[in-house]
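Throughout, read-outs are computed from the coordinates displayed, never taken from laboratory work. Owing to the predicted nature of the structure, the values given are computational and were not obtained by experimental measurement. Glycine also receives a Cβ, built like all others from the backbone with ideal geometry; neighbour counts cover every protein chain displayed.
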Amino acid sequence: MNVLGVESSCDETSVAIISNDELKANLISSQDFHSKYGGVVPELSSRAHLQIVTPLVKNALEKSKLKLEDIDIVCATAGPGLIGALLVGLTFAKGLAFSLGKIFIPVNHIEGHIYSGFLMEEKPEFPYLAVVVSGGHTLLLLVRSFTEIIRLGSTVDDAAGEAFDKVAKMLGMGYPGGPKIQKASLNGDRNKIDFPVADLKDPYNFSFSGLKTAVLRYIQKNFPDKNIPEVEINNIAASFQYAVIRALIKNTSKALENYEVSSISLVGGVAANSEIRKSFIDLAEKKGKKIIIPALEFCGDNAAMIAFTGQKLFEAGKRYRNDYAPFPALPEGLYSGL
Ligand code: KG4
Ligand code: ZN
């Protein structure tokens, strides 16, 4: 079976092909130009997706040594994401499937991230705890199968990636902030400033807005002229990153006490962070669990995870119908939190 996946929910256009369960192509075109605006400009993103999606499909087919007619299923991200950006990939993929007379499977972007660990040689084992840390979401999930996900907790305000991006902006680093904070942290002291970790009633929920405000107050108090020496920037970045790590580890440890799982999978754009990866590897080792963190190309937005998830939905008997809601509902429990 040959599966073609398309992802266009934000600022990455990606096309992937999985042929007989083997990933043959995962092409990702990142829209770097947003950095000069300090964040993603939706209209520009849609236009860039429109320009690149067809050439990417051609290149992916060439790389996979396949022709369009060889494709059996076409999958595309159906949401959540920027509506204009989503519509480009979604309607393109739907039209392609229709013209070829092939099956179309809409895929929820977050479900794509949740199963991205399966793109690795060493795969998660059900049931597993998925820690989703991306620009728009922070979720703690119990994943029982390819069609059963239980939401344990989510952020009550900002997502982890959003906090990274906002703090980076405060430090004058530009967008996207995650990789820049990580780099500055390498030369900083993470114990220099004791930034707070939210203590919520629900032990599985997250909150990063207080942390973000604490960083802002610290900067305002200590550097009122906004002139922050590099050594201080590094310390703030490292201390902030460490507070995010503590929050993620705290809730995951709690979930490990209460849920019987064999694996932990850390996924999403923020899972690219080397210190966060290390902390989760340490936690898993301490608790005797298998840890699956996708390679960097599968952490950020990519179509491989969309093609993979689409194939699993197809194998589970899910089919797209024309009277289907345009954005596929997530399994009970998860949907309400998004
Ligand atoms: O999953 P993703 O590519 O897009 C969404 O679905 O949101 O995640 C993007 C987020 C951005 O907030 C970006 O700053 C963050 O992932 N990110 C990182 C790192 N690389 C990307 N955050 C921390 N450390 C990184 N190395
Ligand atoms: Zn994403």
Query raised in the report: Residue separation times 0.36 nm, minus the C-alpha to C-alpha distance between residue 258 and residue 69: what's the value?
Result: 63.2 nm
Requested in this report: Pop a pseudo-label 7 angstrom from the Cα along the beta-carbon direction at both residue 209 and residue 225 and give the gap in nm to one decimal.
Outcome: 3.4
Query - Residue with peak Gaussian network fluctuation, the chain [Cα springs, cutoff 10 Å], from 89, 174, 269 - result: 174
Query raised in the report: By counting other Cβ atoms within 10 Å of each Cβ, how are 32, 301, 158 ranked from fewest to most?
Result: 32, 158, 301
Report task. Write down Rg/Rh for region 203-263, rounded to two decimals, with Rg from the C-alpha atoms and Rh from the Kirkwood relation over Cα pairs. Result -> 1.17
Query raised in the report: Given the pairs 180/221; 58/102; 24/123; 102/318; 183/278, which are separated by over 20 angstrom at their Cα positions?
Result: 180/221
Report summary line: A correct Karplus calculation of ³J(HN,Hα) over region 113-118, with 6.51 cos²θ - 1.76 cosθ + 1.60, θ = phi - 60°, whole Hz and x for Gly and Pro, returns 4, 4, 9, 5, x, 6
Report task. Return the Rg/Rh value of region 1-47, two decimal places, where both radii are evaluated on C-alpha atoms and Rh is the Kirkwood radius. Result -> 1.14
**Report entry** Order of 147, 138 - criterion: other Cβ atoms within 10 Å of each residue's Cβ, fewest first
**Finding:** 147, 138
Query raised in the report: Which whole-number percentage describes the relative contact order of region 123-293, with Cα contacts under 8 Å and a sequence gap of 6 or more?
Result: 29
Query raised in the report: When the distances between all Cα atoms of the chain are binned every 10 Å from zero, what whole-number percent does each bin get?
Result: 6, 26, 32, 24, 10, 2, 0
Report summary line: Whole-Å distance linking the alpha carbon centroid of region 59-110 with that of region 204-226 is 41
Query raised in the report: Using θ = phi - 60° and the Karplus form 6.51 cos²θ - 1.76 cosθ + 1.60, what ³J(HN,Hα) does each residue of region 255-270 get, whole Hz, x for Gly and Pro?
Result: 5, 5, 5, 9, 10, 7, 10, 9, 9, 10, 10, 9, 9, x, x, 6
Query raised in the report: How do 137, 113 rank when sorted from fewest to most other Cβ atoms within 10 Å of their own Cβ?
Result: 137, 113
Report task. Only bridges with both residues in the chain count here: give the DSSP antiparallel percent, nearest 5. Result -> 60
Query raised in the report: Taking GluC sites (Glu not before Pro) that fall in a DSSP loop and have at most 14 other Cβ atoms within 10 Å as cut points, what is the longest piece of the chain between them?
Result: 126-259
Query raised in the report: Pick from 99, 262, 29: which residue has the top mean-square fluctuation in a GNM of the chain where Cα pairs under 10 Å get a spring?
Result: 99
Report summary line: Dividing the mean separation of Cα pairs under 8 Å (6+ apart) by the residue count of region 147-218 yields a relative contact order in percent of 43
Requested in this report: Under 1.5 on a/c is rounded, so check that first for region 123-293, then, if it is not, pick prolate when a/b is larger than b/c and oblate when it is not; a ≥ b ≥ c are the square roots of the alpha carbon gyration tensor eigenvalues.
Outcome: prolate
Report task. Let me have the 222 nm mean residue ellipticity of the chain computed from DSSP H runs of 4+ only, each contributing -39500 (n - 2.57), with the sum over all residues rounded to the nearest 500. Result -> -13500 deg cm²/dmol
